[in-house]
């Protein structure tokens, strides 16, 4: 398959011509003056208005006639019902004996429109008939076809018998004694015929009465139409409407204009109609006259336009003949501009075609190389006209290699799109229901749908299919594209999930254990935080009471410093374990001598006095590894701290470092009582700790070993533990590297340069302590305790460095930094907050800070920042 474009070569163009003296607008002004289009449009509009007015007047006249006839028919039927009601009351007051009833009925006068009056039993038996005409045979049938009317009377449709036609109005009543009877009157069709003639038919037209079955009861001047049915188009127009107008065939088959009205009391309908031919001829004559006038005006305008256009058409003809380089120079400015535009358009077209060809090549590469099955289908011309056709209609189908691998190559269309059996929900999927066929023929997206492919070899694949129609400029479907992805492996994985139900109880137990560990962690955290806080509070009390005892004051300060570092380490571990577990820690790895790192960590424990209760033995080889020094120091600090805590006083703690081929192996060994065997598999889990005595001397937060494992894994290393009653050994294995060439070089020590520093901090104690520390380091310090004062002080003094707390009252630290940068402050800005995560650092950088420091401030880190140029 190849996607290519026919790239034409643009023809050479002549140089640009100087602008002609005349413009195209000057030549066409004569055409605009002579244009007769407005007059023609006005005539047509006037003619259309007259025709509409005539049609409205005709419809109103017919509607008035129909309404008048409907009122007359309704009065006749209502009068008949009223008279039958009065007569039924008279008969009901008689004796219930049948002879007496019939005598009373015979003696009662009939209505002027009645031809007969009768009395029937409930079973339809005719008990009495009086009048000058016999009743039709249909009257005795069980189903007379009467419909409910006013006052419980029933009015029939047209009844015909032996050439006679008429209607019946029947009123059921109960005589004295409880006997049920039906009293009815026969109204002959001649009465209704006379009513239509007396109603005043429209000139040249007819008035008609129809029953509920749309049969003619009476029609003025056409009694031979009685019994005929209305044409279906007229019946459809009248369906569900009480009145309206219609143009079409009436009873005689001739085209007429008609207006109808429903008679509410009986459900009948009446209409007034006039033949359409005479009216249509008059309208055609008026239309032809208007068109003739319009044509004459247009011809006149065309003649004038032709004379003017000759000056324009000849240059254009030359431009068409010679391309963008005509034989003679154009005399119209716009044509010269058109020539230049053609030149530019051809150049742009060539570039566009080249871009399209590149896109076609890219698409071809994607089409052939994607692992997802793709198929394109285009519709035949017949299918484009009928997009809902089922089965067939596809003109061509194209597969990529991935689709061929799933369903095989394309077979003749529309016999089958694939030789592979396609099933959905276990049933074969017909061709017209397949996604590609549906999207192409129905023009709507299909899917994603999950299907099953069954091969002749017995193999089965599960696929996910989605099809999207391709639309032309008119919004009609011209084909479709379908994508098919093999999800067999995923389906198999879904079946494997059933096995997970068996482990649900174990997972629940583990969750309960984790909840208990969390509760223990919270209780332990309170204990761990209270110990250093209590020590700090006692040391502060000592400092407040001592006067000249320098030794006591120095000891108190050491206690405060040591416990503050302990609190900071607790908070760092809490924050770090959260970042490590969530994968938000970024390592800055570089070659490092692990032996030097171990000695540095041991020296820190010596300074704090944590190792004074245990002899420490170091057996170290020089081994280099590519690590993050800070994070690896954190690992060693946790392991060595645990060894000191869980080893009874006087017993040895040992650290071994050696190189084992390509690996660096670091062991931290203690001589404690060992780890419980049941706890050993979970020792690296979060919040998991061994049994602790009541004093919690060997306690912790249960996060140190979790942090160790995660940090070692981030270094692509391994950590393991071995434990017995003689002690516990934690082993770390890392990839060893060769020492760098500059391994022996020492970094120069820079001298501290005094700085002008501004501190903006709303906590009075924190502000005072930080100011004192910086002044002791030789810096000139100014301070402010809110954002507005700090901003004004910064712009006035322009210090070298500004240390700004983010959470300031009034003007926040972020706003202060933004305003300072906009005001032109070019010094260093460092943010201070109680949060140390990556988002806080990124937010500080976005608002204009050069760096971020987390509380409590690390003095050495602060000195490094102040020493930077």
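Each row is one residue, and each column tells you yes or no for (1) closer than 21 Å to residue 190 by Cα; (2) at pLDDT 75 or above; (3) in contact with a helix residue (DSSP H, G or I) (Cβ under 8 Å, 6 or more places away or on another chain).
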position: 119; (1), (2), (3): no, yes, yes
position: 133; (1), (2), (3): yes, no, no
position: 139; (1), (2), (3): yes, no, no
position: 147; (1), (2), (3): no, no, no
position: 150; (1), (2), (3): no, no, yes
position: 163; (1), (2), (3): yes, no, no
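Report yes if residue 179 is under 60 Å from the mean Cα position of the chain (by Cα), more than 18 Å from residue 226 (Cβ to Cβ), at pLDDT 65 or above and surrounded by fewer than 21 Cβ atoms within 10 Å (Cβ to Cβ), otherwise no. Walk me through how you get there before you give the answer.
Working: under 60 Å from the mean Cα position of the chain (by Cα): no; more than 18 Å from residue 226 (Cβ to Cβ): yes; at pLDDT 65 or above: yes; surrounded by fewer than 21 Cβ atoms within 10 Å (Cβ to Cβ): yes.
Answer is no for this residue.
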Output for segment 421-466, where each listed residue is in a helix (DSSP H, G or I) and touching a helix residue (DSSP H, G or I) at 6+ places or on another chain (Cβ under 8 Å): 431, 432, 437, 438, 440, 441
Test: residue in segment 487-495 that is in contact with a helix residue (DSSP H, G or I) (Cβ under 9 Å, 6 or more places away or on another chain), modelled with pLDDT of 80 or more and not in a helix (DSSP H, G or I): no
Would you confirm whether or not segment 199-214 contains a residue that is at pLDDT below 85, farther than 27 Å from residue 120 by Cα and not in a loop (DSSP other than H, G, I, E, B)? yes
When segment 624-659 is examined, which residues are found to be touching a residue at least 40 places away in the same chain (Cβ under 8 Å), part of a strand (DSSP E or B) and more than 20 Å from residue 612 (Cα to Cα)? 624, 625, 626, 627, 657, 659
Mind listing whichever residues of segment 763-782 are touching a helix residue (DSSP H, G or I) at 6+ places or on another chain (Cβ under 9 Å) and under 16 Å from residue 560 (Cα atoms)? 770, 773
Are there helices (runs of 4 or more DSSP H) fully within segment 270-389 with at least 1 residues that are at pLDDT 75 or above? List them. 276-322, 333-369
In segment 263-279, the residues that are closer than 19 Å to residue 248 by Cα and surrounded by fewer than 24 Cβ atoms within 10 Å (Cβ to Cβ): 274, 275, 276, 277, 278, 279
By residue number, the members of segment 33-69 that are surrounded by 12 or more Cβ atoms within 10 Å (Cβ to Cβ) and at pLDDT below 65 are 34
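Yes or no, residue by residue, for (1) surrounded by fewer than 17 Cβ atoms within 10 Å (Cβ to Cβ); (2) at pLDDT 95 or above; (3) within 24 Å of residue 867 (Cβ to Cβ):
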residue: 765; (1), (2), (3): yes, no, no
residue: 776; (1), (2), (3): yes, no, yes
residue: 780; (1), (2), (3): yes, no, yes
residue: 786; (1), (2), (3): yes, no, no
residue: 795; (1), (2), (3): yes, no, no
residue: 809; (1), (2), (3): yes, no, no
residue: 812; (1), (2), (3): yes, no, no
residue: 817; (1), (2), (3): no, no, yes
Looking only at residues that are without any contact (Cβ under 8 Å) to a residue 12 or more places away in the chain and under 42 Å from the mean Cα position of the chain (by Cα) in segment 828-869, which one is surrounded by the fewest Cβ atoms within 10 Å (Cβ to Cβ)? 839
Among the residues that make up segment 599-614, is at least one of them closer than 23 Å to residue 712 by Cα, in contact with a helix residue (DSSP H, G or I) (Cβ under 8 Å, 6 or more places away or on another chain), at pLDDT 85 or above and not in a helix (DSSP H, G or I)? no
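The values are calculated or read from the model by the stated rules, or taken from the named source; none is laboratory data. Predicted model only: the values in this text are computed from it and were never measured. Note: ideal-geometry Cβ built from the backbone for every residue, glycine included; neighbour counts use all protein chains shown.
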